[in-house]
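> Before I ask anything, let me first share the structure, which is written out below as structure tokens.
The values are calculated or read from the model by the stated rules, or taken from the named source; none is laboratory data. Keep in mind that this is a model prediction, so the values were computed, not measured. No Cβ is skipped: glycine too gets one built from the backbone with ideal geometry, and neighbour counts run over all protein chains shown. Ligands, DNA and RNA are excluded from the accessible area calculation, which covers all protein heavy atoms including side chains. Shrake-Rupley method; radii C 1.70, N 1.55, O 1.52, S 1.80 Å.
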Amino acid sequence: MPRRSLRTCQHLVFLSVCTVALLAGCKRDAEPLPGAGTEPAATVRQLAQHLRHNDLLGYAKAAVPPAQYAELETAWAQGHSRWPLTELPLDEKLPSLLATLSDKGAEQQLQRAFRAQFEGQSAAVRQAAHSLGLFGEQYITHQGDYTPAERAHYVQLVKALSDWAQAAPLSDAKLARTNITTLTSAARATGLAGEAAFQQAGMSASLERLGPFAGAIKQVLASYGLELDQSVEQMRTGLISQDGDNAVVRVQYPLAGKDVDLQLALVRRDKRWYPARTLAEADAVLATARAAEQVKADAVAATAAAEAEAAASQTPGNADTAAKP
């Protein structure tokens, strides 16, 4: 698996807590986890609630310190960043996906593709889900650049999602028609049909426009039995440890009828807590953006110096001096 795929899986650790926590499992009257009232545990719940309400802008602003958010917004405008979209699986495909869904006649094209590949193929879809689940579990168990905690979490995810996919009505033609219409309408409403549209809109506006599209995706998943919002409400967090400005939070959430457990590292900056991996990703994005801007500044300075030198050599006094032996 390429390094980018590994990084995508790592980002999915946190986002799966907030947005891929699915149906059933925990009861609403379950006892709070130890340390549920601490600031680190509350931070994770608050981030999840932003996504529960499709508030992608609110999530982004709460996920990093204010000064860092402002710098990330500038990096987006300069063309160096697409954070926080880079925390999504297959983030580089999002602009082209929205462009495809926004195309004129997209409904008809997608329905033809569904009929050709999925309609009436329930047995084949179930078998594919089973096979992919086995492959994913074996890969995560024996391969990949994962910590023990990440490996344990990913195995739980793969097992639960494979079981769900085998039971979900993914080949239902009526559902497909309805859901294709839902997604194409929501994609067109974003006005983000392609990379250039994201660049022009800027980070904050893009996140605001994507909020309703996120809601449409959750609506479609709910039609297949994946009640994302219900599961976020049932998510529990607690504190495992805290050492100065570092903490580890325990998270439990229901996934396709099973309770999933994971641990998240948080870091305190300026008296507030943030997901450690998110901060590390944002720091890396900004370091790359600063380096790129420095290269541009150096190139401009070199060009200006060369032009000044050339202009000076062409002045009458300098020309006469250069001609003397």
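> Given the DSSP H assignment, sum -39500 (n - 2.57) over each helix run of at least 4 residues in the chain and divide by its residue total; what's the result at 222 nm in deg cm²/dmol, nearest 500?
Helix-only estimate at 222 nm: -21500 deg cm²/dmol.
> Which value, in Å², gives the accessible area per residue of the stretch 114-177 when a 1.4 Å probe is used on the protein heavy atoms?
Per residue, the stretch 114-177 has an accessible area of 59 Å².
> Would you mind working out the magnitude of the charge dipole of the chain relative to its Cα centre, with +1 at each Lys and Arg C-beta and -1 at each Asp and Glu C-beta, to the nearest 20 Debye?
Using Cβ point charges on Lys, Arg, Asp and Glu, the chain gives about 760 debye.
> So, one more: How large is the charge dipole for the stretch 121-178, taken about the Cα centre, if only the Cβ atoms of Lys, Arg (+1) and Asp, Glu (-1) carry charge, to the nearest 20 debye?
Using only the charged Cβ atoms, the result is roughly 260 debye.
> Distance from the Cα centre of the stretch 39-113 to that of the stretch 230-293, in angstrom?
One Cα centre to the other: 17 Å.
> Filter the GluC sites (Glu not before Pro) in the stretch 104-150 down to the DSSP loop ones having no more than 14 other Cβ atoms within 10 Å, then list what survives.
E119
> In the chain, what is the count of Lys pairs whose alpha carbons are under 23 Å apart, counting only pairs at least 8 residues apart or on separate chains?
Lysine pair count for the chain: 12.
> So which residue, out of A299, A75, A289, gets the largest mean-square fluctuation from a GNM of the chain using Cα contacts under 10 Å as springs?
Taking springs between Cα atoms under 10 Å, the residue moving most is A299.
> Considering the alpha-carbon set of the stretch 231-292 alone, what are its Rg and its Dmax in angstrom?
15.0, 47
> What residue among A165, A42, A113 has the largest mean-square fluctuation in a Gaussian network model of the chain, using Cα springs under 10 Å?
Looking only at A165, A42, A113, the biggest GNM fluctuation is shown by A113.
> Further, regarding this structure: Regarding the stretch 163-249, what is the average projected area of its C-alpha convex hull, in nm²?
9.1
> Could you give the dipole magnitude of the stretch 166-312 about its Cα centre, charging the beta-carbon of Lys and Arg +1 and that of Asp and Glu -1, in debye to the nearest 20?
In total the dipole reaches around 560 debye.
> Of A312, A302, I240, which is farthest on the positive side of the dipole of the chain, counting Cα position, with +1 on Lys and Arg Cβ, -1 on Asp and Glu Cβ, and the Cα centre as origin?
So the residue we want is I240.
> Would you kindly work out the equivalent ellipsoid of the stretch 74-151 from its C-alpha gyration tensor and give its semi-axes, the square roots of five times the eigenvalues, largest first in whole Å?
29, 29, 6
> With springs only between Cα atoms under 10 Å, which of A77, A302, A149 fluctuates most in a Gaussian network model of the chain?
Greatest mean-square fluctuation among the candidates belongs to A302.
> Now for a different question. Over the chain, what percent of the accessible surface lies on carbon and sulfur atoms, probe 1.4 Å?
57
> A further question on this structure: What's the Cα-based Rg to Rh of the chain, Rh via Kirkwood?
Across the chain, the Cα-based Rg/Rh ratio is 1.11.
> Tell me which residues come under 5 Å, amide H to amide H, from V260 once H is placed; ignore anything under 5 positions away on its chain.
Y253, L255
> Farthest toward the dipole's positive end in the chain, which of Q68, P34, S231, given Cβ charges of +1 (Lys, Arg) and -1 (Asp, Glu) about the Cα centre?
Projecting each Cα onto the dipole axis, the largest value belongs to S231.
> Now a separate question. Normalised by the empirical 2.2 N^0.38 Å for globular proteins, what value does the Cα Rg of the stretch 217-325 take?
Compactness ratio reported: 2.25.
> Positive end of the charge dipole of the chain (Lys, Arg +1 and Asp, Glu -1 on Cβ, about the Cα centre): tell me which of T141, Q117, L88 has its Cα farthest that way.
About the Cα centre, the residue reaching furthest to the positive side is Q117.
> Turning to a different aspect of this structure: So which DSSP H runs in the chain come out at 27 Å plus along the axis (Cα) with average Kyte-Doolittle of at least 0.0?
For the chain, where a helix must reach 27 Å along its axis and average at least 0.0, the hits are 122-142, 203-223, 276-313.
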